[in-house]
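The values are calculated or read from the model by the stated rules, or taken from the named source; none is laboratory data. All values derive from a computational prediction rather than experimental measurement. Every residue, glycine as well, gets a Cβ built from its backbone with ideal geometry; the counts of neighbours run over all protein chains shown.
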Amino acid sequence: MHHISKVIALTILTTSLLAAQTVPTPDASAADARVEEILKTISPDSLRSYDNTLAGFGIRQTMSDTTSNTRGIGAARRWIHSKFEAFAKNDPQLKVYEDRFVLENVPRISKPTTLVNEYAVLWGKEGMNGRYIVISGHYDSRCTDIMDYTSDAPGADDDGSGVSLVLEAARAFTSTHFKPEANIIFACFPGEEQGLYGSNHFAMEARQKNLDIIADLNNDIVGAIRGGNGEVISNMVRVFSQGYKEIKLGTREVNPEVIGYENDSPSRELARYIHSAGEQFLPTFHTTLIFRQDRFLRGGDHASFNKYGYPGVRFTEPNEDYHHQHQNVRVENDTLNGKAVRVQYGDLPQYVDSAYIASVCRMNSLTAALLSISPPAPQNDVMLVDKLEYGSRFRWDNPLHGNGIAGWKIYYRKSAQPFWQGYVFVKTSAQPTVDYDLTKMSKDDYIFGIAAVGTNGTESIPEAPLPGK
């Protein structure tokens with residue numbers, strides 16, 4: 001999707017569509033080379049070191065010790081902060097921040113507790129009023145009893161793997177001196193296990209400041225390749241995304257199913273973007289898109305971003321082992337296939353595969369890099385429904401009047417298909433508004449998405465244009 005030179009196989013070949021496809025599109029090779037440099041920098045050895053260090057703090061439960069330098073959540077967050085500061089020395093564009101707040105009298109927190117969101121921002125040319133892409137994970141861990149803040153809870157996979165990924169992505173971007181247009185946030189949240197408290201505070205403040213967050217790439221349990229059923233899967237990651245709840249059309253709020261957009265929320269379009277980018281740059285590592293917000297009985301920090309209206313997805317390993325999640329560290333007798341066995345419980349480093357985390361880190365970094373150098377998405381894009389007709393008409397604003405924009409892609413797919421099946425390229429113009437008519441494609445039969453295409457060959461996330469007049 002992002003790579004202009006790659007034409008997705010079309011399922012409908014009409015004369016008008018084929019003519020549209022012949023319009024020249026920009027060369028993406030320079031942008032591709034910048035992205036490839038980041039991907040090559042990501043190191044399994046670094047990830048293993050980070051994850052072992054995080055697990056070595058013993059417990060990172062949100063209410064655990066904050067004074068020790070070797071044990072508890074305080075030691076962990078200070079170490080995370082120090083890593084960000086070390087990366088910032090490589091690149092002055094990276095600035096390190098803390099977001100501190102106190103919680104008391106809330107569920108699952110039994111005493112007044114200071115939570116600290118540790119994050120760093122790789123500032124792009126757009127600056128504070130520009131777009132933001134977030135790569136996130138949570139650094140708290142838990143025992144079997146969610147209120148136990150003294151027993152060991154190494155949290156190597158949940159979510160030492162995600163935090164290690166965030167740190168390694170920050171190292172890769174800064175060591176390659178990547179220069180983004182939009183801003184990239186590397187965020188490590190506490191309080192996830194108690195109720196998404198860290199990410200909720202972060203996303204709430206972002207909304208209050210009206211930050212333009214175009215994606216939260218949340219990583220939670222992204223380190224193991226062997227599931228509890230014994231199956232090993234090392235070449236795939238699941239991507240969970242929330243659909244529309246309601247769509248506002250003018251002053252009306254309608255069920256998305258009324259217009260067939262239940263699978264075309266901003267978060268689902270982000271998930272498709274991730275999938276398509278991975279197919280181009282990481283062909284041996286795959287994404288499986290799960291069209292639900294999260295697994296049953298579970299939740300993640302991307303939901304906080306969704307709550308405040310931001311697109312967000314969750315990356316999670318394909319085949320979890322519940323012996324190594326939310327469990328006190330212990331060995332117990334069990335029965336397997338009629339035989340007595342000894343089972344190791346606990347979220348320990350030996351069950352984490354750093355090469356696998358590296359693959360997921362590349363998928364995150366790829367997506368963030370492409371988005372950070374892509375043009376802004378189309379503005380005020382609508383699918384015109386002011387009369388009965390056989391084709392589909394679209395209109396959107398062109399605020400840049402061609403500056404940095406090569407054109408737009410109108411993606412399409414049959415309504416029952418999960419992925420885009422083709423696109424039409426619309427060359428840019430100096431007009432403030434763009435009108436385009438797909439005379440041979442009925443809006444009753446297709447779902448459409450419009451993406452801005454930069455002169456550097458990158459693309460924005462497609463947006464499904466809402467019906468309008």
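The set of residues in region 384-403 being modelled with pLDDT of 85 or more and either touching a strand residue (DSSP E or B) at 6+ places or on another chain (Cβ under 8 Å) or closer than 10 Å to Pro465 by Cβ (or both) consists of Leu384, Val385, Gly391, Ser392, Arg393, Phe394, Arg395, Trp396, Asp397, Asn398. Can you find a residue that is among the aromatic types (Phe, Trp, Tyr), in a strand (DSSP E or B) and either in contact (Cβ under 8 Å) with a residue 12 or more places away in the chain or under 19 Å from Tyr273 (Cβ atoms) (or both) anywhere in region 373-392? No, because not a single residue in region 373-392 is among the aromatic types (Phe, Trp, Tyr), in a strand (DSSP E or B) and either in contact (Cβ under 8 Å) with a residue 12 or more places away in the chain or under 19 Å from Tyr273 (Cβ atoms) (or both).
Given the structure, is Lys387 more than 21 Å from Ile133 (Cα to Cα) and buried (at least 21 other Cβ atoms within 10 Å of the Cβ)? When the stated conditions are applied, Lys387 does not pass them. Return yes when Phe173 is at pLDDT 95 or above, touching a strand residue (DSSP E or B) at 6+ places or on another chain (Cβ under 8 Å), assigned by TED's automatic domain parsing to the domain that holds Leu297 and closer than 25 Å to Tyr351 by Cα and no when it is not. For Phe173, the condition - at pLDDT 95 or above, touching a strand residue (DSSP E or B) at 6+ places or on another chain (Cβ under 8 Å), assigned by TED's automatic domain parsing to the domain that holds Leu297 and closer than 25 Å to Tyr351 by Cα - is not met. In this structure, does Gly250 turn out to be surrounded by fewer than 16 Cβ atoms within 10 Å (Cβ to Cβ), not aromatic (Phe, Trp, Tyr) and not assigned by TED's automatic domain parsing to the domain that holds Lys414? Judged against the criteria, Gly250 is a match. Looking only at region 323-370, filter to residues that are in contact with a Phe, Trp or Tyr (Cβ under 6 Å, 6 or more places away or on another chain) and over 19 Å from Gln280 (Cα atoms); which one of those is surrounded by the fewest Cβ atoms within 10 Å (Cβ to Cβ)? Taking the candidates together, the pick is Arg330. Taking region 243-258 as the range and being more than 26 Å from the chain's Cα centre (by Cα) and either without any contact (Cβ under 8 Å) to a residue 40 or more places away in the chain or in a loop (DSSP other than H, G, I, E, B) (or both) as the test, the residues that pass are Gly250, Thr251, Arg252, Glu253, Val254, Val258. In region 294-321, what residues are among the small types (Gly, Ala, Ser) and surrounded by fewer than 24 Cβ atoms within 10 Å (Cβ to Cβ)? Within region 294-321, Gly299, Ala303, Gly309 qualify. Annotation: of all residues in region 52-66 being of a type outside the set (A, V, I, L, M) and under 22 Å from Val96 (Cβ atoms), the one that is surrounded by the fewest Cβ atoms within 10 Å (Cβ to Cβ) is Thr66. For first residues located in region 295-308 and assigned to a helix (DSSP H, G or I), partners that are modelled with pLDDT of 95 or more and of a type in the set (Val, Ile, Thr) and lie 6+ apart or on another chain with Cβ distances below 9 Å form the pairs His302/Val313; Phe305/Val134; Phe305/Ile213. Which of the residues that make up region 428-469 are surrounded by fewer than 17 Cβ atoms within 10 Å (Cβ to Cβ), in contact with a strand residue (DSSP E or B) (Cβ under 6 Å, 6 or more places away or on another chain) and under 22 Å from Ser265 (Cβ atoms)? Of everything in region 428-469, just one residue is surrounded by fewer than 17 Cβ atoms within 10 Å (Cβ to Cβ), in contact with a strand residue (DSSP E or B) (Cβ under 6 Å, 6 or more places away or on another chain) and under 22 Å from Ser265 (Cβ atoms), namely Gly468. Of the residues in region 178-189, none is over 18 Å from Phe315 (Cβ atoms), among the acidic types (Asp, Glu) and out of contact with any Ser or Thr (no Cβ under 8 Å at 6 or more places or on another chain). When each of Tyr273, Tyr244 is tested for being among the hydroxyl-bearing types (Ser, Thr, Tyr) and either farther than 14 Å from Leu217 by Cβ or surrounded by fewer than 23 Cβ atoms within 10 Å (Cβ to Cβ) (or both), the lone residue that passes is Tyr244. Taking the criterion of being closer than 17 Å to Glu192 by Cα and in a loop (DSSP other than H, G, I, E, B), the residues of region 46-64 that qualify are Arg60, Gln61, Thr62, Met63, Ser64.
Taken over region 406-420, the criterion of being buried (at least 16 other Cβ atoms within 10 Å of the Cβ) and either closer than 17 Å to Pro465 by Cα or at pLDDT below 90 (or both) is satisfied by Gly407, Trp408, Lys409, Ile410, Tyr411, Tyr412, Arg413, Trp420.
Restricting region 186-218 to residues that are within 18 Å of Glu98 (Cα to Cα) and in a loop (DSSP other than H, G, I, E, B) leaves a set whose member that is farthest from the chain's Cα centre (by Cα) is Lys209.
In region 163-185, the qualifying residues are those that are among the small types (Gly, Ala, Ser) and part of a helix (DSSP H, G or I), and the one that is surrounded by the most Cβ atoms within 10 Å (Cβ to Cβ) is Ser164. Would you confirm whether any residue within region 219-235 is surrounded by 13 or more Cβ atoms within 10 Å (Cβ to Cβ), part of a strand (DSSP E or B) and touching a helix residue (DSSP H, G or I) at 6+ places or on another chain (Cβ under 6 Å)? Among the residues of region 219-235, at least one is surrounded by 13 or more Cβ atoms within 10 Å (Cβ to Cβ), part of a strand (DSSP E or B) and touching a helix residue (DSSP H, G or I) at 6+ places or on another chain (Cβ under 6 Å), which makes the answer yes.
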